[in-house]
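Laboratory data are not the source of any read-out in this text; all were calculated from the coordinates shown. Note that this is a predicted model, so its numbers are computed, not measured. Don't worry about glycine lacking a Cβ; one is built from the backbone with ideal geometry, like all the others, and counts go over all protein chains shown.
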Amino acid sequence: MKSVSIVVPVYNEGENILHFTAAVKEVMEKQPYKWDLLFVDDGSRDNSLELLEDLQAKFSYVHVLALSRNCGHQIALTCGLDHAEGDAVISMDGDMQHPPELLPQLLAKWEEGYHVVQTIRKDTQGVSWLKKKSSALYYRLINALSSAHIRPGGSDFRLLDRQAVEALGKYREHDRFLRGMVTLLGYKVAEVPFVASPRFAGKSKYSLSKMAKLAVDGIVGFSVVPLRAAFVAGLLSAVLSFFLLLHVLYVYICDDVVSGWTTIMVCLSLFGGTQLIMLGIMGEYLGRIYTEVKNRPLYLLKNKEEDK
Ligand code: UDP
Ligand code: MG
């Protein structure tokens, strides 16, 4: 019998874990597979880990890994994928926003021979207009800038078959944007649309800063266009400065020199600003090179024996 692992990163989801586990069990026990739920506790500070360990003691289908600290959703997910043993591995959130009722559809697509079954979020209930719009805009931007084509609404609710899991496991970059990395594999992808439900309980654990980091990781990790844009902007500002120089010379020859204050201020702020932006863009890439060169482990587990 084929086996399916469901990987769930968890950060302070104490109020959701029992409900989520029951909901997944109800769906999966009707499926003709051996299955297990692999929770990765991402350094939760509530009672999530105790609850998970209780479940693990009670039910043979529950396994728990605990990261030594909060490393973020993408790393927790990576840890789960590294350790999951199923022939297919499904990743999903533990807050009921990824509906367990969809699992049979993902499995059916897998049976049709797809290596990757990607869910596409058509809408999210209970999410602000601003979050929806900024997400749509972001996907347009990243697709315009990079060669990896990421479908708008792509989420981290997906099925990967064993071949795709092992392939993805070879990508060890530190600043991870799994949604993009999966598109690099180039395997056959099926898509399953869904409407994300509101969170069962609690608030989003993706703070604004975590979301901003993911957004920058997506762009910087998949595109060097911003670096090229820096060059083009530098070039444009050099051309502009040439014309300004002509103007300054003209004023020097034909006019009263002291009147140049406005020009100086405009030049200073224009070129100063452009240079700082360019430096910032370089800094983003440099920072990432630094992180990669250090080559620190992506995560550590609390329990050393489970470390791979
Ligand atoms: N999560 C995590 N580490 C974090 C933040 C979130 O493991 O640092 C988990 C969280 O418990 C949930 C999933 O990642 O299972 C998605 O997070 P969340 O629902 O907060 O994000 P949103 O759906 O609001 O984008
Ligand atoms: Mg959520």
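Only sites in a loop by DSSP and with at most 12 other Cβ atoms within 10 Å count here; which trypsin sites (Lys or Arg not before Pro) in region 1-95 make the cut?
Listed in order of number, the matching sites are K30, R45, R69.
Which value in nm describes the separation of the simple spin-label points at L245 and E191, placed 7 Å from the Cα toward the beta carbon?
The answer from the label model is 5.0 nm.
Using packing as a proxy for protection, rank 102-109, 134-141 so that the peptide with the highest average count of other Cβ atoms within 10 Å comes first.
Ranking the peptides 102-109, 134-141 by packing returns 102-109, 134-141.
Add -39500 (n - 2.57) for each DSSP H run of 4 or more in the chain, then divide by its residues: what number comes out at 222 nm, to the nearest 500 deg cm²/dmol?
That comes out to -16500 deg cm²/dmol.
Angle between the Cα long axis of helix 129-145 and the longest principal axis of the chain, 0 to 90 degrees, nearest 10?
70 degrees
How many angstrom separate the Cα center of region 174-200 from the Cα center of region 1-48?
18 Å
Would you mind checking the radius of gyration and Dmax of the chain based on alpha-carbon positions, in Å?
Rg and Dmax of the chain, Cα atoms, are 24.5, 90 Å.
Treating the beta-carbon of each Lys and Arg as +1 and of each Asp and Glu as -1, no other charges, what is the dipole magnitude of region 199-286 about its Cα centre, to the nearest 20 debye?
Dipole about the Cα centre, nearest 20: 860 debye.
Nearest 5 is fine: what % of DSSP beta bridges in the chain come out antiparallel, could you say?
Bridges in the chain are about 25 percent antiparallel.
Could you list D93, D255 in order of exposure, starting from the residue whose Cβ has the fewest other Cβ atoms within 10 Å?
Ranking D93, D255 by Cβ neighbours within 10 Å, fewest first, gives D255, D93.
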